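Student: Handing you a structure now.
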Amino acid sequence: MKILVTGSAGHLGEALVRTLAPENEVIGLDVIDSPFTQVVGTITDREIVESCMGGVDCVLHTATLHKPHMLTHTRQQFIETNLTGTLNLLEAAAQARVKGFVYTSTTSTFGRALTPLASEPAAWIEEHVTPVPKNIYGVTKTAAEDLCELFHINQGFACIVLRTSRFFPEEDDNREVQSRFDPDNLKVNEYLYRRVDIEDAVNAHILAMERVAVLGFGKYIISASTPFKKEDLRELRTAAPHVVERLFPDYTEEYARRGWKMFPGIDRVYVNARARNDLDWNPRYDFGYVLRKLQANEDYRSPLAVAVGAKGYHSQAFTDGPYSVT
């Protein structure tokens, strides 16, 4: 199979190329040169995009400006990359009769829907929840999702949208959270409700690629399987440690051994049931798995996550901003 991977120098793009290249013909496209990039160029350049489409069976579109880029890029640049770039790819892929298109979106598209009022239970986030974007990143990712759906409706083009939760290894962009939690403590907590290991994210993309022609179109939340149920949501908002201890009685001992702590409250829970059902996706890295790894003094990350490592998002460091290049 011939596959075009956009954003091949990024976290997910590299992980996809690493995984797919041994058994497929993979073209990595990115503005940054890397060992996983065959074509250096931007998706905003229609000629470059068209030049990559010859004989391609599927496009895995991970290239994007991320939330941290709001420090260094204008709103117009977000529109050009995230929206116009996606349109270029869709038009070129449809014209080249590419069999399928998998678009990497983000759970950030849900925006304000992720934070209920303080008096309300935690939000149960499934695909039917209406996005309420709160910044240009969310606006452009949501609009790009709509473009994918439009191409499916108007042209019968097979597209799948994957709304991925956090898989980046960099520190949280919230300074207050950074100051209160060890970075690994923070990430392990997030496996309960808003994080996915990059290996599981890659597997979801591969399964979507294999099923896109049959499914035609679909939007899927890609996040680690949560242990929580709807009946946990009210207590979860104000007493998360009690809920977690009820489900994982031995977590407190392990956390105490490491000097870690659970969040006092959790405001949302991402639900991956539709992806598990439609894509036959079985994510491996959930809180229970990670806890067992910690108890055995083993690395809780997948080998792929270790291999890809941290990349950062900027070429310079910021006093009050996130993610310089490492």
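Student: Does P264 satisfy being assigned to a loop (DSSP other than H, G, I, E, B) and of a type outside the set (D, E)?
Tutor: Taking the combined requirement at face value, the residue satisfies it.
Student: For region 125-179, enumerate the residues that are at pLDDT 95 or above, within 15 Å of R194 (Cβ to Cβ) and surrounded by fewer than 20 Cβ atoms within 10 Å (Cβ to Cβ).
Tutor: E126, V129
Student: Same structure, new question: If you take the residues in region 154-177 that are in a helix (DSSP H, G or I) and without any contact (Cβ under 8 Å) to a residue 60 or more places away in the chain, which one is nearest to L215 (Cα to Cα)? Please lay out each step first, then the result.
Tutor: Taking region 154-177 as the starting set, the residues that turn out to be in a helix (DSSP H, G or I) are 154-155, 175-177.
Still in the running and without any contact (Cβ under 8 Å) to a residue 60 or more places away in the chain: 154, 176-177.
Numbers: N154: 16, E176: 42, V177: 40 Å.
For region 154-177, the residue satisfying everything is N154.
Student: I'm trying to understand the selection: among the residues of region 111-124, which are out of contact with any helix residue (DSSP H, G or I) (no Cβ under 7 Å at 6 or more places or on another chain) and either surrounded by 21 or more Cβ atoms within 10 Å (Cβ to Cβ) or outside any loop (DSSP other than H, G, I, E, B) (or both)?
Tutor: R112, A113, L114
Student: Filter region 178-190 down to the residues that are part of a helix (DSSP H, G or I) and of a type in the set (D, E), then identify the one that is nearest to the chain's Cα centre (by Cα).
Tutor: Going residue by residue through region 178-190, those that are part of a helix (DSSP H, G or I) are 178-180, 183-190.
If we keep only those that are of a type in the set (D, E) as well, we get 184, 190.
Values: D184: 18, E190: 13 Å.
Top of the filtered list is E190.
Condition check ((1) at pLDDT 95 or above; (2) under 17 Å from T86 (Cα atoms); (3) of a type in the set (A, V, I, L, M, F, W, C)) across all residues:
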{"residue": "E25", "(1), (2), (3)": "yes, no, no"}
{"residue": "G41", "(1), (2), (3)": "yes, yes, no"}
{"residue": "V49", "(1), (2), (3)": "yes, yes, yes"}
{"residue": "G55", "(1), (2), (3)": "yes, no, no"}
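Student: Which of the residues belonging to region 238-250 are touching a residue at least 24 places away in the same chain (Cβ under 8 Å), surrounded by fewer than 22 Cβ atoms within 10 Å (Cβ to Cβ) and in a helix (DSSP H, G or I)? Before the answer, list the steps.
Tutor: First pass over region 238-250, keeping only residues touching a residue at least 24 places away in the same chain (Cβ under 8 Å): 238-240, 244, 248, 250.
From the residues that got through so far, the ones that are surrounded by fewer than 22 Cβ atoms within 10 Å (Cβ to Cβ) too are 238-239, 248, 250.
If the condition is that a residue be touching a residue at least 24 places away in the same chain (Cβ under 8 Å), surrounded by fewer than 22 Cβ atoms within 10 Å (Cβ to Cβ) and in a helix (DSSP H, G or I), then T238 is the only one that fits.
Student: Another question about this same structure. Residues of region 290-313 being outside any loop (DSSP other than H, G, I, E, B) and surrounded by fewer than 16 Cβ atoms within 10 Å (Cβ to Cβ), which ones?
Tutor: As a first pass, look at region 290-313 and keep what is outside any loop (DSSP other than H, G, I, E, B): 290-295, 303-308.
Listed by number, the residues that qualify are R292, K293, Q295, P303, V306, A307.
Student: If I filter region 67-79 down to residues being out of contact with any helix residue (DSSP H, G or I) (no Cβ under 7 Å at 6 or more places or on another chain) and crowded, with 18+ Cβ neighbours inside 10 Å, which single residue comes out as modelled with the highest pLDDT?
Tutor: Per the stated criteria, the residue is P68.
Student: Further question: If the requirement is being within 26 Å of P116 (Cβ to Cβ), among the aliphatic types (A, V, I, L, M), modelled with pLDDT of 95 or more and assigned to a helix (DSSP H, G or I), which of these qualifies: A256, A275? Steps first, answer last, please.
Tutor: Numbers: A256 fails: within 26 Å of P116 (Cβ to Cβ).
The unique qualifying residue is A275.
Student: Let me ask another. Are there any helices (runs of 4 or more DSSP H) wholly within region 1-95 with 2 or more residues that are closer than 19 Å to M209 by Cα, and if so which? Steps first, please.
Tutor: Working: elements: 11-20, 46-51, 75-78, 85-95.
Filter on region 1-95 gives 11-20, 85-95.
Student: Does D286 qualify as being out of contact with any helix residue (DSSP H, G or I) (no Cβ under 6 Å at 6 or more places or on another chain), farther than 25 Å from V214 by Cα, of a type outside the set (A, V, I, L, M, F, W, C) and buried (at least 20 other Cβ atoms within 10 Å of the Cβ)?
Tutor: On the way: out of contact with any helix residue (DSSP H, G or I) (no Cβ under 6 Å at 6 or more places or on another chain): yes; farther than 25 Å from V214 by Cα: yes; of a type outside the set (A, V, I, L, M, F, W, C): yes; buried (at least 20 other Cβ atoms within 10 Å of the Cβ): yes.
Yes.
Student: What are the residues in region 191-232 that are in contact with a strand residue (DSSP E or B) (Cβ under 7 Å, 6 or more places away or on another chain), in a helix (DSSP H, G or I) and surrounded by fewer than 20 Cβ atoms within 10 Å (Cβ to Cβ), if any? Let's see the steps before the verdict.
Tutor: Residues of region 191-232 that are in contact with a strand residue (DSSP E or B) (Cβ under 7 Å, 6 or more places away or on another chain), as a first pass: 193-196, 201, 204-205, 208-209, 212-213, 215, 217-224, 226, 228, 230.
Okay, now just the ones that are also in a helix (DSSP H, G or I), so 201, 204-205, 208-209, 212-213, 215, 230.
Once the filter is applied, which keeps residues that are in contact with a strand residue (DSSP E or B) (Cβ under 7 Å, 6 or more places away or on another chain), in a helix (DSSP H, G or I) and surrounded by fewer than 20 Cβ atoms within 10 Å (Cβ to Cβ), region 191-232 yields A213, L215, K230.
The values are calculated or read from the model by the stated rules, or taken from the named source; none is laboratory data. Predicted model, so just to flag it, every value in this text is computed and none were measured. Heads up, the Cβs are rebuilt from the backbone with ideal geometry, glycines too, and the neighbour counts pull from every protein chain shown.
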